[in-house]
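The values are calculated or read from the model by the stated rules, or taken from the named source; none is laboratory data. Given the structure is predicted, the values throughout are model-derived calculations rather than measurements. Heads up, the Cβs are rebuilt from the backbone with ideal geometry, glycines too, and the neighbour counts pull from every protein chain shown. Please note that ligands, DNA and RNA were not included when accessible areas were found on the heavy atoms of the full protein model with its side chains. Shrake-Rupley method; radii C 1.70, N 1.55, O 1.52, S 1.80 Å.
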Amino acid sequence: MAYDLEEQEQLANLKAVWKQYGNIATWVLIAGLGSYAGWSYWNSFQQSKSSEASVLFEELNKAAAGKDDKQVQRVTSDLKERFPSSHYVEMSVLIAAKSAYDSGDIKHAKELLNSIVGTTKNEEYRALAKIRLSGILLDEKSFDDAAKLINSDFPEEFLADQADRRGDIFVAQGKVEEARKAYQTALEKMKDKSAGKPLVQIKLDAIGGTTDKS
C-alpha cells in the first residue's frame, strides 16, 4: 500500500509515540486495580486460610515494587496452588504478567494473560488482560491476532481503552483514516479528566487528526 509523504510522516510520528508511551496507560490501569484489589478484599479474607492469602498478596506487591520477578512468580504460584478460589489469584496473575514482561520473559507474560482471558469470570480483569495482550501482539507485529482480541466484547467502562488500542492497531497496519476515527471515539468516551486522554490526543495529532479539544 502506497502513502503520500505527509501520511508517511504522520505514521512515523505516531509509531515513535507508541514506542515511548504505548503501553504505559494499560499498566497504570493494572497498578491502580491492584491497589484497589488489595484494599477491597483485605477485609474479606481475615479468617484462617483467607487471611494467609491476603498476606501473600501483600508479599507479592512488595516483590513487584522491588522488581523481584522470581519472587513475584513464586508467590503467584503459591496463591494459585493454595487459594485457587481467591479473588487475589487473578489480580496476582495480572501483576505477574507485568513483572514477567518487564523482565523480558514475553512468552510467560503472554501465557499468564491468556490464562486470564480464557478462564476468569471477572469481566474487568478479562478486559485488562485483553488490552495488555493485544499490546504485546502489536509489538510482535501479530496485527490480525491483536485485532481479533481487541474487537471482542468489552465492558462499558473499557470501551475508550478498546478504541484507543484499536487505533494503535490501525496505525500499525497503515490505516490512517480508520486510526483517526478510533482515536476520536476513544476521546469521546473518556472522561474530561481521564489520565489517558492527553496521550490519545497526542497520537491523534501525530497522524494529522483533529477533534474538539475543549
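Return the carbon/sulfur percentage of the accessible area of the range 93-214, one whole number, probe 1.4 Å, all protein chains in place.
On the way: 2800 of 5820 Å².
Within the range 93-214, the accessible surface is 48 percent carbon and sulfur.
Sequence neighbours fewer than 8 away in the same chain don't count; with that in mind, list the aspartates and glutamates whose C-alpha is under 20 Å from Lys189.
Counting by Cα, and skipping residues close in sequence, Lys189 has these aspartates and glutamates nearby: Glu123, Glu124, Asp153, Glu156, Glu157, Asp161, Asp164, Asp168, Glu177, Glu178, Asp205, Asp212.
Using a Förster distance of 35 angstrom, determine the FRET efficiency expected from the C-beta separation of Glu111 and Ser51, and round it to 0.05.
Values: r = 29 Å, r/R0 = 0.84.
After rounding to 0.05, the efficiency reads 0.75.
If you roll a 1.4 Å probe over the heavy atoms of the protein chains, what accessible area per residue do you get for the range 60-214, in Å²? Walk me through the numbers on the way to the answer.
On the way: 7690 Å² over 155 residues.
For the range 60-214, the solvent-accessible area averages 50 Å² per residue.
If the cut-off is a Cα-Cα distance under 22 Å, which lysines reach Lys121, setting aside same-chain residues fewer than 8 apart in sequence?
Here the lysines satisfying the reach criterion relative to Lys121 are Lys80, Lys98, Lys110, Lys130, Lys148.
For the range 133-214, rounded, prolate or oblate, judged on the Cα gyration tensor with a ≥ b ≥ c (square roots of eigenvalues), a/c < 1.5 rounded, else prolate if a/b > b/c? Can you show the working numbers first?
Numbers: a/c = 2.07, a/b = 1.32, b/c = 1.57.
Verdict is oblate for the range 133-214.
Probe radius 1.4 Å, ligands and nucleic acids left out: which of Met91, Met190 has the largest accessible area, and how do the rest follow?
Numbers: Met91 0, Met190 20 Å².
From most accessible down to least: Met190, Met91.
I'd like the Karplus ³J(HN,Hα) series for the range 177-189: coefficients 6.51, -1.76, 1.60, θ = phi - 60°, whole numbers in Hz, and an x wherever there's a Gly or Pro.
5, 5, 5, 4, 5, 5, 5, 5, 4, 4, 5, 5, 8
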